[in-house]
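Here, each number is a calculation from the coordinates, and none is a lab measurement. From a predicted model like this one, the values you see are computed outputs, not experimental measurements. Every residue, glycine as well, gets a Cβ built from its backbone with ideal geometry; the counts of neighbours run over all protein chains shown.
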Amino acid sequence: QSTEPWRDFHRWKVYTADLESALHYLLRVELATHNTLEGEELKIFKDFVTLVAKLYPGGGSVVKLMETLSDWLLSLPLQRIPYQAVLDLVDNKMRISGVFLGAELRWVGCQGSRTGLRGYPCSLWTLFHVLTVQHDATPTALENTGLEGEAAPVLQVMRRYIRTFFGCEQCGRHFEQAASATLDRVQNREDQILWLWNQHNRVNYRLAGSLSDDPLFPKAPWPSPSLCSSCHEEKNGVHVWNQDNVLHFLRQHYGASNLSPKYSL
Ligand code: FAD
């Protein structure tokens, strides 16, 4: 059983508390396993921070923190940064200016029925779905970042981040396999949203019934008919997705106006 109090939530909302907890975990736990960041790792981390600074919806503390972190990383002439310096910035320097990231995990849409289930991996998927939708809604946001030339910048940054830093190495290998097989087919921002949705469903399918499956949140094709009935169709007795309606649903579900600040700092 989880010792955390249960937080009531709606499955049709996305919670900023999950997104903030994702960044908290990523910056203070996942990254902490790397004593120094250098070379390719440093570049991948910088790109991730830039992506979030430019595409995280709604402004506020998270964007200010990521902008400050991004400016600081880009201004450093160093090829090698101790992780402690990143942590100092996140923990202390930012607090002086009143901008800080919650120092605890508050899972809401990503809470599990017991400790060890859901949480961080759920929030990382959620964060990247939000970023694909936000990139579509604000197509010029990545101008002058060095990422604007990529056909699928959100997925490329995600791919590199997952491959290099994500604590679940087996997940990283699976994701890399899928990306190297099909990511070059993604031509535009709509494909980018749908590619991630489809890839996520493939993972759901593979993991259904496995140990990581939370009995309260069994893995299944998503969105369920109760979330989006028009996403589902039947052709010649076979279930098919209506991709136009799925795209419409994803834009709405992961769009800025569907983010709930409940339980957020
Ligand atoms: P998650 O799958 O984490 O989903 C989170 C939320 O996203 C759901 O609650 C739902 O609201 C929404 N959602 C579900 N499906 C979709 C979809 N298709 N499109 C959009 N939104 C959706 N675990 C392994 O054991 N093996 C792996 O190989 C593996 N690979 C992973 C690769 C990546 C990139 C990531 C981020 C995680 C991976 N994981 C893997 C973890 C696993 O996918 C789940 O994140 C974890 O088991 C927690 O599951 P969950 O029930 O919270 O739902």
For the chain, with a Gaussian network of springs between Cα atoms less than 10 Å apart, report the residue from 89, 69, 19 with the top mean-square fluctuation. 89
Toward the positive end of the charge dipole of the chain, about the Cα centre and with charges on Cβ (Lys, Arg +1; Asp, Glu -1), which of 261, 164, 187 goes farthest? 261
Quick one: which residues, 5 or more positions from residue 113 or on another chain, have an amide H under 5 Å from its amide H? H modelled 1.01 Å from N in the peptide plane, none for Pro or chain starts. 216
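In the P(r) worked out for the stretch 47-190, what percent of Cα pairs fall beyond 22 Å? The partial results should precede the final answer.
On the way: 4889 of 10296 pairs.
It works out to 47 percent of all Cα pairs.
Under a Cβ-only charge scheme (Lys and Arg +1, Asp and Glu -1), can you give me the dipole magnitude of the stretch 14-260 about the Cα centre, in debye to the nearest 20?
Numbers: 22 positive and 26 negative charges, 75 e Å.
Roughly 360 debye for the stretch 14-260.
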Residue separation times 0.36 nm, minus the C-alpha to C-alpha distance between residue 169 and residue 258: what's the value? 28.9 nm
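Given the convex hull over the Cα atoms of the chain, what projected area results after averaging over all orientations, in nm²?
Details: hull surface 58.8 nm².
If you wrap the Cα atoms of the chain in a convex hull and average its projections, you get 14.7 nm².
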Long-range amide H partners of residue 232, meaning residues 5 or more apart or on another chain whose placed amide H is closer than 5 Å, are 242
Inter-site label distance for residue 238 and residue 200 at 7 Å from Cα along Cβ, in nm: 2.5 nm
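For the stretch 193-262, what value does the Rg/Rh ratio take when both radii are computed over Cα atoms and Rh is the Kirkwood radius, given to two decimals? Mind showing how you got there, number by number?
Details: Rg = 13.5 Å, Rh = 13.5 Å.
Rounded to two decimals, Rg over Rh is 1.00.
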Projected onto the charge dipole of the chain (+1 at Lys/Arg Cβ, -1 at Asp/Glu Cβ, origin at the Cα centre), which of 57, 144, 10 gives the Cα projection farthest towards the positive end? 10
Integer Hz, Karplus 6.51/-1.76/1.60 couplings in order for the stretch 247-261, x for Gly and Pro: 4, 4, 5, 4, 4, 6, 5, 9, x, 4, 6, 9, 7, 9, x
